[in-house]
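Notes follow the structure.
The values are calculated or read from the model by the stated rules, or taken from the named source; none is laboratory data. Predicted model only: the values in this text are computed from it and were never measured. Heads up, the Cβs are rebuilt from the backbone with ideal geometry, glycines too, and the neighbour counts pull from every protein chain shown. Surface areas here come from the heavy atoms of the whole protein model, side chains and all, with no ligands, DNA or RNA. Shrake-Rupley method; radii C 1.70, N 1.55, O 1.52, S 1.80 Å.
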Amino acid sequence: MDTFRMAATNGGYALVGESDISALRARLRGPLVQAGESGYEEACTLFNAMIDRRPALVARCQGAADVMAAVNFVRDHDVLVSVKGGGHGIAGKAVCDDGLLIDMSQMKSIRVDPAARTARVEPGVLGAELDRETQAFGLATPVGTVSTTGIAGLTLGGGQSWLGSKYGFAIDNLLSVDIVTADGALRTASATQNEDLFWGIRGAGHNFGVVTSFEYRLHPVGQVLGGLLIHPLSHAVDVLKFYSDFTASQPDELQTWAGILTLPDGTQVVALVPCFVGPHDEGERLLMPLRRFGSPIADTIAPLPYVAMQQLFDGSFPHGRLNYWKSGLASRLSDEVIAASVKYAKTVPSPHTVILFAELHGAYSRVGKADTAYFHRDLQYDAIILAGWTDPADTQRNIDWTRELFAAWEPYLARAAYVNDLGDEGEDRALSAYGDNYTRLAALKAKYDPTNLFQLNQNIKPVAG
C-alpha cells in the first residue's frame, strides 16, 4: 500500500496510508490540500514573516465536523498537528512542518443577539470583522487593539483590549465555547458545563483542544475619546515618568498606553495613547492633565468611533513583516526601565520597531488570580519590544538589539509574561505565563489531552494530579 510520510507527534515520522488520507478527505466538507494545490500557500501564510513552515497537509475546515475529523486523524496516526485561526501569533506555532495544519481561517460566522447582548463567533473571525457586526447594534466586546488580529488565539491567551480596564479581558467576557478535545469529542465548556475545562480555556486554552465557537458577552460602546499625544524623543524620560504617575490612579473608564516609535518622516517620538469609554465631558476633564503636560508636538485626541480606535495601529503591524518580540509584566514602570528604553531607542536598527507599555487596571485586576487560568491580574504593565523589519539581512541585528534591551529591563520586571506576547522562548518563559496556576493546568491537561497532542503552543505538559 502506498504511504505518505508525515511528522509524528513525539519526533520522527509517521507513515500514513494513502487510503487513510483519502478517507479523511472524504469526511471533510472543506478541502484537504498539500503543497502546489489551491489554498495551500494562503493557509500557510502567517502575520510574522520570520516563520516559514510547510505542513504535509492542510485541512481547510468549514465547521466543527471537519475539525473533529482532523483531530481523530492526527490522534489515530500519531501525526503532528498545528491549529490556525487568524495566524497572528508571534511565535508562529499555528503552522507546523510536515504535519497536519487544522486551518480554521475560513470559519467566519458571527451571530449577534442584540437583545441578550451576546455574540456567537467562529474562530476564523478577525477583530475588525467582529467589531463591524457588533457595532451595528452599538455593542462591543474586548478583542484586542490591532483589528487584524484573530479573535481565537487572542481570546484563548487572555485578550488585552482598549476596553480591558472597563470590562476586563476577552476571557472575562467569554460565556462559553465549543471545543474539540483530543479524543475527537465536541464539548461545550461554560460556567455550568465542563467547568474545569472552561477555567483552563480562559488563559491557557491553546493547550486543551480546538475551539470551534466562542460566545461573548457584549457591552454598549459608542464613540470613545482617544488618539495620540506625541512628544519629541528628547523629552521621553520626563514624559514616561509622568505617564507612570498618571496611570497609577485612573478610573475604569480610562486606559492609557505609551510607546516609543518612529514617525513616517523618520522622527523618533514618545506617544501617549489614551482611550476613555464614557461621557466625553468627563473624559475631557480626566485627560486635561495628560494634555497639558509638557509641550506635545501633536495632539490628536478627539471623540472617534470605537472601530477607529481599534484600527489606530493596524498600519504599524502589517502582515508579512519580519518580527521578533520580547516582553514581560510589571506592577510599576520603574525609572530603570524608562531609562533603558530611551537609551536603546536611540540606536534602534529599524524604523518599524515600537517599544510599548500597555497597561490594564480596574475590571481586569478585580478578577481573582485563580478564578481563570490567566494568573497575573496584579501586574498592571505589559512592557513589550515589538521589533519589526523588512530585509532578511537585518534579522540578526534586530534580534540582538531586542535581546539586549530586554536584558536591561529584566531585573526590574516580574518573573511573569503575557502568553500572547511570547515567542518561541523555551519552557521557563512559558511557565512564567501561567504562574501558580501551572500545577492545576498540568492536571487538567492530563485529563483532556494526556498524550500532549496539542503541543504547538506555549505548552503545558500533562501531569496527573
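Points to keep in mind about this one:
- Figure legend. Inter-residue proximity from segment 420-437: first residues under 22 Å from R202 (Cβ atoms), second residues modelled with pLDDT under 90 and open to solvent by less than 10 Å² (accessible area, probe 1.4 Å), beta-carbon distance below 8 Å, spacing 6+ or different chains. Indicated pairs: L422/A430.
- Considered as a group, the residues in segment 356-391 that are among the β-branched types (V, I, T) and under 17 Å from the mean Cα position of the chain (by Cα) include one that is nearest to Y324 (Cα to Cα), and that residue is I385.
- Taking residues in segment 1-25 that are farther than 12 Å from D76 by Cβ, and partners anywhere that are basic (K, R), the pairs with Cβ atoms closer than 8 Å and at least 6 places apart or on different chains are Y13/R5; L15/R5.
- Cβ pairs under 7 Å, 6+ apart, first in segment 274-296 and within 15 Å of Q255 (Cα to Cα), second basic (K, R) and surrounded by 14 or more Cβ atoms within 10 Å (Cβ to Cβ): V277/K166
- Taking segment 196-293 as the region of interest, the strands (runs of 3 or more DSSP E) fully inside it that hold 3 or more residues being under 27 Å from the mean Cα position of the chain (by Cα), of a type in the set (A, V, I, L, M) and farther than 30 Å from R75 by Cα are 254-262, 268-276.
- Close Cβ contacts (under 7 Å, 6 or more residues apart or on different chains) running from residues in segment 166-178 that are of a type outside the set (D, E, K, R) and modelled with pLDDT of 95 or more to residues that are in a loop (DSSP other than H, G, I, E, B) and surrounded by fewer than 22 Cβ atoms within 10 Å (Cβ to Cβ) comprise G168/V367.
- Residues of segment 96-108 classified as in contact (Cβ under 8 Å) with a residue 40 or more places away in the chain and open to solvent by 30 Å² or more (accessible area, probe 1.4 Å), total: 3
- From the list T372, T402, T395, the one residue that fits, being over 27 Å from A339 (Cβ atoms), part of a helix (DSSP H, G or I) and open to solvent by less than 40 Å² (accessible area, probe 1.4 Å), is T395.
- Taken together, the residues in segment 264-290 that are within 15 Å of D238 (Cα to Cα) and open to solvent by less than 60 Å² (accessible area, probe 1.4 Å) amount to 5.
- When the test is whether a residue is buried (at least 20 other Cβ atoms within 10 Å of the Cβ) and among the acidic types (D, E), D183 does not pass it.
- Every test in (1) part of a helix (DSSP H, G or I); (2) touching a Gly at 6+ places or on another chain (Cβ under 7 Å); (3) open to solvent by less than 10 Å² (accessible area, probe 1.4 Å) is passed by G153 save one, and that test is (3).
- Annotation for segment 101-110: no member residue is in a helix (DSSP H, G or I) and modelled with pLDDT of 95 or more.
- The residues of segment 107-145 that are within 21 Å of the chain's Cα centre (by Cα), of a type in the set (A, V, I, L, M) and over 27 Å from G30 (Cβ atoms) amount to a single one, A140.
- Picking from residues in segment 331-365 that are aliphatic (A, V, I, L, M) and in a helix (DSSP H, G or I), the one that is nearest to G164 (Cα to Cα) is A363.
- Residues in segment 196-249 that are open to solvent by 10 Å² or more (accessible area, probe 1.4 Å), touching a Gly at 6+ places or on another chain (Cβ under 8 Å) and closer than 17 Å to L286 by Cβ: F242 only.
- Scanning segment 405-445 for residues that are part of a loop (DSSP other than H, G, I, E, B), of a type outside the set (A, V, I, L, M) and surrounded by 18 or more Cβ atoms within 10 Å (Cβ to Cβ) yields a count of 2.
- Inside segment 1-15, residues that are more than 17 Å from L456 (Cβ to Cβ) and touching an Asp or Glu at 6+ places or on another chain (Cβ under 9 Å) make up a count of 5.
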